[in-house]
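Visitor: The structure that follows is given in the form of structure tokens.
The values are calculated or read from the model by the stated rules, or taken from the named source; none is laboratory data. Note that the coordinates shown come from a computational prediction; the quantities given were computed from them, not determined experimentally. Note that each Cβ is placed from the backbone with ideal geometry, even for glycine, and that neighbours are counted across all protein chains shown. All accessible areas refer to the heavy atoms of the entire protein, side chains included, with ligands and DNA or RNA removed. Shrake-Rupley method; radii C 1.70, N 1.55, O 1.52, S 1.80 Å.
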Amino acid sequence: MLIKHRKASDVLGSEITSKSVFDDRRRFLKTAALAGAGLAASTLPTLPAYAARTPLDGVQKSKWSAESLPENDPVNSYEDITSYNNFYEFGTGKSDPKENAQEFEPRPWEIMVEGACAKPGKISFEDLIKPHTLEERVYRFRCVEAWSMVVPWVGVPLGDILKRFEPTADARYVYFETLLDPERMPGQRAPVLNWPYKEGLRMDEAMNPLSILAVGLYGEVIPNQNGAPVRLVVPWKYGFKSIKSIVKIKFQKEMPPTSWNEAAAREYGFYSNVNPAVRHPRWSQASERRIGEIFKRKTLMFNGYEEEVAGLYTDMDLRKWF
Ligand SMILES: Nc1nc2c(c(=O)[nH]1)N[C@H]1C(S)=C(S)[C@@H](COP(=O)(O)O)O[C@H]1N2
Ligand SMILES: [Mo]
């Protein structure tokens, strides 16, 4: 049976998730079976339990819950999502973050919010999960390295959080920064990137309903290797835009610097929208390998979120603004 992709305009009544979508064993087992077929991500040695798996309360289903995805987009397993990571603060190998982030203590945690806004201030992790309804957002996630996953995030719309600080007319962009602490993030002891990790969005991209601050996955507190305690998720852009372990948000007039653009400007632009028609200088972006699958699949424009976000870029040459 084909589940139709729901349009953004079809509003689903919010229902409290009793446990979570992930009891959908049928989908899960299908992925697991394929994963057993000898793929790198799934043959990594299994490490001992690395974090308390704390459930998050009151997570609501949203119109982006698993049911909104077509059946050929099964949710990746917890194991895949938490053992195949990019988080250079904990090493550059895909299995490094799981191994090296176990000791990281992501609480207490605060995000400073500053710049072009009437009410600068801060957000604590507790603020973030209390006065807001946590939503389940099952998104396709596409790394610039041409692999992808489907991840059941738990988060809050970024725009709702940003509005509290009353951004002014000068707030044309939003800048994000990861914690800088080489003691706690051993990867920062090597000059792999210009630390701290930096990212940015245009204000309208940040306010788009798809953009979330994620605090969990699979209905539980987000594991360290996935960006604890709070990370951005912008599903129509390449994975590196989704900055992890955020400590600073700044509204500003100028386009912010970003770590990957600073590292290789020819390869990583500010926008970094998923676009099968625009190659990375060293490889094609036309297809991707879904972790847990054998055959490549075609990459979709804006990672399949064209209906929701194409309007943000109507007057732009996306070859120039890659
Ligand atoms: N601070 C920080 N954020 C980061 C990264 C990083 O190295 N450091 N890697 C990015 C990249 S390249 C990807 S693909 C995603 C990976 O997220 P995941 O490990 O949860 O799949 O995180 C992004 N956010
Ligand atoms: Mo990535």
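Visitor: Does Lys244 qualify as being away from ligand 1 (no atom under 12 Å from the Cβ) and basic (Lys, Arg)?
Guide: Numbers: away from ligand 1 (no atom under 12 Å from the Cβ): no; basic (Lys, Arg): yes.
It is false that Lys244 is away from ligand 1 (no atom under 12 Å from the Cβ) and basic (Lys, Arg).
Visitor: Considering only residues of the range 261-287 that are in contact (Cβ under 8 Å) with a residue 60 or more places away in the chain and assigned to a helix (DSSP H, G or I), which is nearest to ligand 1 (Cβ to nearest atom)?
Guide: Within the range 261-287, the match that is nearest to ligand 1 (Cβ to nearest atom) is Ala263.
Visitor: Say whether the condition of being within 15 Å of the chain's Cα centre (by Cα) and over 26 Å from Trp283 (Cα atoms) is met by at least one residue in the range 139-152.
Guide: yes
Visitor: Being farther than 27 Å from Glu288 by Cα and of a type in the set (Gly, Ala, Ser) is true for just one of Gly200, Gly115, Gly155. Which residue is that? Can you show your working first?
Guide: Numbers: Gly200 fails: farther than 27 Å from Glu288 by Cα; Gly155 fails: farther than 27 Å from Glu288 by Cα.
It is Gly115.
Visitor: Could you check how many residues of the range 150-171 are in a strand (DSSP E or B) and open to solvent by 10 Å² or more (accessible area, probe 1.4 Å)? Walk me through how you get there before you give the answer.
Guide: So the first thing to find is which residues in the range 150-171 are in a strand (DSSP E or B), and the list is 150-157, 167.
Next cut, open to solvent by 10 Å² or more (accessible area, probe 1.4 Å) only: 157, 167.
Residues that pass the stated criteria total 2.
Visitor: Ok, one more. Just the residues that are surrounded by 23 or more Cβ atoms within 10 Å (Cβ to Cβ) and either in a helix (DSSP H, G or I) or within 16 Å of ligand 2 (Cβ to nearest atom) (or both), please, taken from the range 207-225.
Guide: Ala214, Asn224, Gln225
Visitor: Please find, among Glu308, Glu220, Glu262, Glu293, the residue that is among the acidic types (Asp, Glu) and under 16 Å from the mean Cα position of the chain (by Cα).
Guide: Numbers: Glu308 fails: under 16 Å from the mean Cα position of the chain (by Cα); Glu262 fails: under 16 Å from the mean Cα position of the chain (by Cα); Glu293 fails: under 16 Å from the mean Cα position of the chain (by Cα).
It is Glu220.
Visitor: If you go through the range 183-194, how many residues are surrounded by fewer than 22 Cβ atoms within 10 Å (Cβ to Cβ) and either among the aliphatic types (A, V, I, L, M) or touching a residue at least 24 places away in the same chain (Cβ under 8 Å) (or both)?
Guide: Filtering the range 183-194 down to residues surrounded by fewer than 22 Cβ atoms within 10 Å (Cβ to Cβ) leaves 183-184, 186-194.
This time we only want the ones that are either among the aliphatic types (A, V, I, L, M) or touching a residue at least 24 places away in the same chain (Cβ under 8 Å) (or both), so: 184, 186-188, 190, 192-194.
Residues that pass the stated criteria total 8.
Visitor: Would you list the helices (runs of 4 or more DSSP H) that sit entirely within the range 35-145 and hold 3 or more residues that are closer than 21 Å to Val230 by Cα and modelled with pLDDT of 95 or more? Spell out how you get there, then give the answer.
Guide: Details: elements: 78-83, 96-100, 125-129.
Hits in the range 35-145: 78-83, 96-100.
Visitor: Next up: Taking the criterion of being aliphatic (A, V, I, L, M), more than 16 Å from ligand 2 (Cβ to nearest atom), part of a loop (DSSP other than H, G, I, E, B) and closer than 24 Å to Gly304 by Cα, would at least one residue in the range 240-250 satisfy it? Before the answer, list the steps.
Guide: Restricting attention to the range 240-250, the residues satisfying the condition of being aliphatic (A, V, I, L, M) are 243, 246-247, 249.
Within this subset, residues satisfying the condition of being more than 16 Å from ligand 2 (Cβ to nearest atom) are 246-247, 249.
Next cut, part of a loop (DSSP other than H, G, I, E, B) only: none.
No, the range 240-250 contains no residue that is aliphatic (A, V, I, L, M), more than 16 Å from ligand 2 (Cβ to nearest atom), part of a loop (DSSP other than H, G, I, E, B) and closer than 24 Å to Gly304 by Cα.
Visitor: I need the full set of residues from the range 117-149 which are open to solvent by less than 20 Å² (accessible area, probe 1.4 Å) and either closer than 26 Å to Gln252 by Cβ or more than 16 Å from ligand 2 (Cβ to nearest atom) (or both), in order please.
Guide: Passing the criteria: Cys117, Ile123, Phe125, Leu128, Leu134, Glu136, Arg137, Val138, Val144.
Visitor: Can I ask one more? Quick check: is even one residue across the range 93-111 within 16 Å of ligand 1 (Cβ to nearest atom), among the aromatic types (Phe, Trp, Tyr), under 28 Å from Asp73 (Cβ atoms) and surrounded by fewer than 22 Cβ atoms within 10 Å (Cβ to Cβ)? Let's see the steps before the verdict.
Guide: From the range 93-111, those within 16 Å of ligand 1 (Cβ to nearest atom) are 93-102, 104, 106, 109, 111; that's our starting set.
From what's left, among the aromatic types (Phe, Trp, Tyr): 104, 109.
Checking which are under 28 Å from Asp73 (Cβ atoms) leaves us with none.
No, the range 93-111 contains no residue that is within 16 Å of ligand 1 (Cβ to nearest atom), among the aromatic types (Phe, Trp, Tyr), under 28 Å from Asp73 (Cβ atoms) and surrounded by fewer than 22 Cβ atoms within 10 Å (Cβ to Cβ).
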